[in-house]
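Quick notes on the structure that follows.
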Amino acid sequence: MSLDTSLEEFRTRWRAEIRGRIAAPAPPKRRRSASSPEPELPCEGDVAWRRLPGSPPPDTEAAENRYLELAESLLQERPVPAAARPGSPQRPPALPSLVEQLISDLNEINEIPFFDIQLPYEIALQIFQYLGMTELGRCAQVSKAWRVLAEDEMLWYRMCQREGYLTDTQVTARSSWKEALKERRTRESMLRTNWKNRNGAVSQLQYELGKVLCDVHAYDGVVLAGYTSGDVRLWDTRTSSLAESFLVTSNASDESGVNHHVSFVQISKSLAVAAYDNGTIDVWSLLVGREPIHHYQHNQKIQALALCPETAAIATASSFQIRVESPDDKGYWRTSCNFQTQKLVNFLHLVHDSAGSPITVAAAEEMVYLLKPDVPENILHSTYGQPVTCLDVSTHQAAFGVKSYGWVTHNGNKIHVYNLQTGQCLTTLGNSTGDFTCINLKDSPPHFLVTGNRDRRVRVYDLRCKKSLCSFYAHQLGVSAVQMDDWKVVSGGEEGLTCTWDQRMGTKLWEMHARHPVRYIWFNHQSLITANIPDEKHPRGASIMDDDLTAHRRHRGTINVYEFSVDQTSVESILPICRSSYNEVTGYNYNIGLAVPYDNV
């Protein structure tokens, strides 16, 4: 009872204080003339007062009355009327508009915490998985709960999987998938900068006793090279040391003692193959040892060699015969199929079929064959008088250049693209006056291919719009090798020039020159491998003595390796020919960097 008495006494004193403040006497007014009497306001109980000079306007009076009603309602513990709320307009009630209703609904939504009431963590994680890296970074700044969701390891694991970084990323207990993705992005940015500025290490793969270089092929940084001495050498550029590994050949045990030249070499993830000018083929396993695991012989010279990159299958073309070798279930090599062609084979490729058997694509003069085991030969393309000048094959498509003799004035050299599953022509590209000398389809981005032409131009085509996106002019004697990725193009010419182009800007980034034609180009995001192979295998001035296996350096050919990784020092990025001592007066910039800080360049 004492509490109720105290509360009632407080209410009584509060009412008296409010009414006493409102009904306080006004200050004395000055005398006015009788002609303008002051109008008097009617009194209404305890809350009325006269209108005096300087009194608040009627709107202020209404606001004061509303404040009084609000205070009295709070004291009497009854609901507050809407009209008594401060700031509420005194107008008749009306229906809200659609815009006002939308704003009201949005305000109600914003007032409810999104993930803090009843939404399970798993459902919130399912919502966040549709966001990208930028959106997840912004959500992490909203609140602590959103930050926990935005930095969930499952989200960043899927992000790494989407970006394709799971193949070579190992996350330890002290790191996370987010940090791994961040480091990978930073490294890619640095590598792209080094590619554009040519910052990195340049080295050459040499074998002094091999005489003249014959053929080069690379797979994932592992280089295989064959020489006129019959030797086959292997380098792994992914390691710090570039020491060569020799592979024992079957010609080493030949009783005749004649060294047969290496005609072709091919390498895949697990196999290495070399073909010699006497029709011999050696097969090595990169996982077992240096001895050949398979060896077979053709009666005549081998014209083309192909190795399937996905499976263990080898195709060789000799005379009018195409032979495919592959191991069976027990590991014994056997001839899986033989094909006969009408003309000599110029180009040969192997691709893996979805059914499990390799598909052979061969070009013989103007005919392109699509060969499958236990299936009659299928002529993919044939136009009399228009031979095939280059060929490349991807998993589902085949692209080749066709030469035209100009029987019709508007009919120039073209590129045909065929589907390997249906055997139908998908598109026809180009109308060049020169012959297409090289083409790259399997290493190009989807829907793109790059070609080199005898008219000294490198062209990038989009298969969707059937147009040339860009054309580069650089090689004076024609283009001999090309490769591209999503932003750059690397081309090699007959004059020995290697050029790197920015595809989107259409400009040349840098170039390197060597003595012999560029016959092979391979690169990934951090390495570039080029091979300058001489056309003359028996150069003038070379020693012809049987006991002398050496040849002059200018006749051998070179294999150049460019490493653009960020951990290379500036000294290692300079070729040996550019390094000089401080005794010289002046120096020059070889488009790589100066070895010493000369003042006069």
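The values are calculated or read from the model by the stated rules, or taken from the named source; none is laboratory data. The structure presented is a predicted model; accordingly, all values stated were derived computationally and were not measured. Glycine also receives a Cβ, built like all others from the backbone with ideal geometry; neighbour counts cover every protein chain displayed. Only protein heavy atoms, including side chains, enter the accessible area calculation; ligands, DNA and RNA are left aside. Shrake-Rupley method; radii C 1.70, N 1.55, O 1.52, S 1.80 Å.
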Under the classification rounded if a/c is under 1.5, otherwise prolate if a/b is larger than b/c and oblate if not, where does the stretch 427-527 fall, given a ≥ b ≥ c as square roots of the Cα gyration tensor eigenvalues?
oblate
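Please report the net charge: other residues with Cβ closer than 15 Å to the Cβ of Val288, K and R +1, D and E -1. Provide the component values of the computation, followed by the final result.
Values: positive: Lys269, Arg290; negative: Asp282, Glu291.
Here the charged neighbours net out to 0.
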Strictly over 28 Å apart at the Cα level, which of Lys211/Lys372; Lys269/Lys466; Lys508/Lys537; Lys196/Lys442 would you flag in this model?
Lys211/Lys372; Lys269/Lys466; Lys508/Lys537
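If you take the square roots of the eigenvalues of the alpha-carbon gyration tensor of the stretch 330-485 and sort them as a ≥ b ≥ c, do you get rounded (a/c under 1.5), prolate (a/b over b/c) or oblate?
Prolate.
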For the stretch 494-537, what does the accessible surface come to per residue with a 1.4 Å probe? Please give it in Å².
42
Given labels modelled 7 Å from the Cα in the Cβ direction, how far is it in nm from Asp220 to Gln297?
3.5
Whole-Hz Karplus ³J(HN,Hα) for the stretch 125-136, in order, using 6.51 cos²θ - 1.76 cosθ + 1.60 and θ = phi - 60°, x for Gly and Pro?
5, 5, 6, 6, 6, 8, 8, x, 5, 5, 5, 5
Keeping all protein chains in place, calculate the accessible area per residue for the stretch 405-483 (probe 1.4 angstrom), answer in Å².
48
Pop out the carbon and sulfur fraction of the accessible area of the stretch 409-524 as a percent, whole number, probe 1.4 Å.
48
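Can you give the extra length, in nm with one decimal, that the chain gains between Thr239 and Gln161 once fully stretched, where that is 0.36 nm per residue apart less the Cα-Cα distance?
Working: separation 78, 0.36 × 78 = 28.08 nm, distance 2.64 nm.
Going from the current span to full extension adds 25.4 nm.
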Fully extended, how many nm does the chain gain between Gln126 and Ser319 (0.36 nm per residue separation, minus their Cα-Cα distance)?
63.3 nm
Would you check the accessible area of Met367, probe 1.4 Å, heavy atoms only, in square angstrom rounded to 10?
10
With the convex hull built on the alpha-carbon atoms of the stretch 175-215, volume per residue in Å³ sits at 148
Fully extended, how many nm does the chain gain between Asn524 and Glu377 (0.36 nm per residue separation, minus their Cα-Cα distance)?
49.3 nm
Pairs of Cα atoms farther than 15 Å apart, the stretch 487-533, %
42
Determine the order of Thr383, Thr530, Thr239 by accessible area, beginning with the largest, at a probe radius of 1.4 Å.
Thr239, Thr383, Thr530
Not counting ligands, DNA or RNA, and with a 1.4 Å probe, what is Lys211's accessible surface area in Å² rounded to the nearest 10?
60
